[in-house]
Amino acid sequence: MLFGALEAGGTKMVCAIGNENGEILDRVSIPTETPEVTLPKLLEYFQGKEILALGIGCFGPIDLNESSETFGYITTTPKLAWANCDICGYFRENLGIPVGFDTDVNGSLLGEATWGCLKGLDTAMYITIGTGVGAGIMAGGRLQHGMLHPECGHMLLPVRSDDHYAGKCPYHGTCLESMAAGPAIEARWGQKAETLYDRPEVWELEAHYIAVAVVNFIMILSPQKIVLGGGVMHKDGLIEMVREKVTRLAAGYIQTKELADMDSYLVLPSLDDNQGIMGALKLGMDRYQQERK
Ligand code: ADP
Ligand code: ZN
């Protein structure tokens with residue numbers, strides 16, 4: 001059985017064909033331009049591939065409410081050309097197959113939960129620290145959407161007194177994303193994050209903000225495990241610093257076997273950076289099963 005997968009990002013669109021075992025058999029990457037230019041290229045890739053369904057893990061905000069008139073749309077995105085784009089409907093109509101749809105981070109979470117390090121757990125998170133910050137949440141074995149979908153990157157957090165960077169979120173100034181995403185590191189220190197490896201103070205502060213967010217997530221959701229992905233987490237040693245700070249900030253208030261083993265609790269992605277595309281594949285598989293019933 002073949003399924004299509006689309007990881008829709010602000011800079012590139014990754015398209016793939018895979019099977020029900022999560023094996024990716026073919027993939028291409030297409031730059032994200034405008035919907036008018038890019039959507040037909042994506043469609044052309046999927047046409048004639050004999051896929052039973054398509055799954056899309058998409059940048060947001062997106063409409064995931066099935067009773068809404070704009071279900072399956074990208075809604076108010078800052079990537080303005082894509083605002084109010086009926087991305088799901090476009091593929092549903094042109095391919096004539098079921099289309100599963102969720103946020104990119106819920107996609108990565110689903111990939112890890114199905115084939116990776118979150119397998120067998122029912123309550124977990126996948127946090128990405130890249131161009132933006134986002135998080136997917138699974139609770140009771142289900143991806144969480146609530147009224148829209150979680151927007152964890154915009155959680156508010158205390159600015160550390162020695163940090164004089166003002167933050168650039170047009171809505172919140174100093175939310176998590178605006179203080180800790182890759183572009184925030186670059187704006188604060190004047191260089192791209194990947195060129196700052198010789199500046200320990202950069203990573204000490206970065207680990208602090210990530211750890212504050214992680215502790216808040218632990219207290220709110222009680223996840224059994226948390227994955228930290230995204231480009232910024234490629235910095236060697238960062239995950240260890242975050243683990244150490246999480247243990248310190250959580251201060252022993254919660255005593256569980258999971259938190260006692262922080263190296264297994266707070267982890268990097270386990271699927272060689274395929275978690276997003278594999279998760280999109282699973283979104284397609286799940287939608288296929290759902291529509292067959
Ligand atoms: P995106 O979020 O656009 O999908 P990434 O997850 O790669 O892409 O995130 C890009 C951000 O991560 C950039 O701000 C970049 O500076 C930062 N980044 C990429 N690679 C590294 C690295 N090896 N070390 C630290 N930061 C990195
Ligand atoms: Zn914000």
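Read-outs throughout are calculated quantities, based only on the coordinates presented, and are distinct from any laboratory measurement. Not measured: the values here are computed from a predicted model. Positions of Cβ are backbone-derived with ideal geometry, glycine not excepted, and every protein chain shown enters the neighbour counts.
Structural remarks
- Span-rule helices in the chain, defined as complete DSSP H runs reaching 30 Å or more along the axis (Cα) with Kyte mean at least -1.0: 200-221
- Shape category assigned to the range 1-123 from the gyration tensor of Cα positions, a/c cut at 1.5: oblate
- 222 nm mean residue ellipticity, helices alone, for the chain (DSSP H n ≥ 4; -39,500 (n - 2.57); rounded to 500): -11000 deg cm²/dmol
- Relative contact order computed over the chain (Cα-Cα under 8 Å; 6+ residues apart), in percent: 23 percent
- Within the listed set TRP203, TRP82, TRP189, the residue fluctuating most in the Gaussian network model of the chain (springs between alpha-carbon atoms under 10 angstrom) is TRP189.
- Across every direction, the projection of the convex hull enclosing the Cα atoms of the chain has a mean area of 15.3 nm².
- Projected over every direction and averaged, the convex hull enclosing the alpha-carbon atoms of the range 116-253 yields 8.8 nm².
- Put simply, the amide H of PHE101, placed in the peptide plane, has neighbours under 5 Å in ILE56, leaving out anything fewer than 5 places away on its chain.
- When only alpha carbons are used to place a centre, the range 136-159 and the range 241-272 end up 19 Å from one another.
- For GLY230, the residues whose modelled amide H falls within less than 5 Å of its own, excluding neighbours fewer than 5 places apart on the same chain, are ILE129.
- Per-selection Kirkwood Rh - the range 23-81 (Cα, Å, 1 d.p.): 13.6 Å
- For the range 136-287, the relative contact order works out to 16 percent when only alpha carbon pairs closer than 8 Å and six or more residues apart are counted.
- The listed peptides 219-225, 167-173, 51-57, ordered by packing as a protection proxy, come out as 51-57, 219-225, 167-173 (highest mean of other Cβ atoms within 10 Å first).
- Mean separation of Cα pairs under 8 Å and 6 or more residues apart, divided by the residue count, gives the range 1-92 a relative contact order of 24 percent.
- What the Kirkwood sum gives for the range 199-293 is a hydrodynamic radius of 15.0 Å, with every pair of different alpha carbons counted.
- Rg/Rh for the range 75-142, where both radii come from Cα atoms and Rh is the Kirkwood radius: 1.05
- Label-point gap, in nm, between ASP273 and THR34 - each point 7 angstrom along Cα→Cβ: 3.1 nm
- Our estimate of slack between ILE24 and ALA166, defined as 0.36 nm per intervening residue step minus the Cα-Cα distance, is 46.9 nm.
- When the Cα positions of LEU95, TYR165, THR32 are compared along the charge dipole of the chain, TYR165 comes out farthest toward the positive end, with charges on each C-beta of Lys, Arg, Asp and Glu.
- All C-alpha to C-alpha distances of the range 245-293, sorted into 5 Å bins beginning at zero, yield P(r) values of 5, 16, 15, 12, 10, 12, 13, 10, 6, 2 percent in whole numbers.
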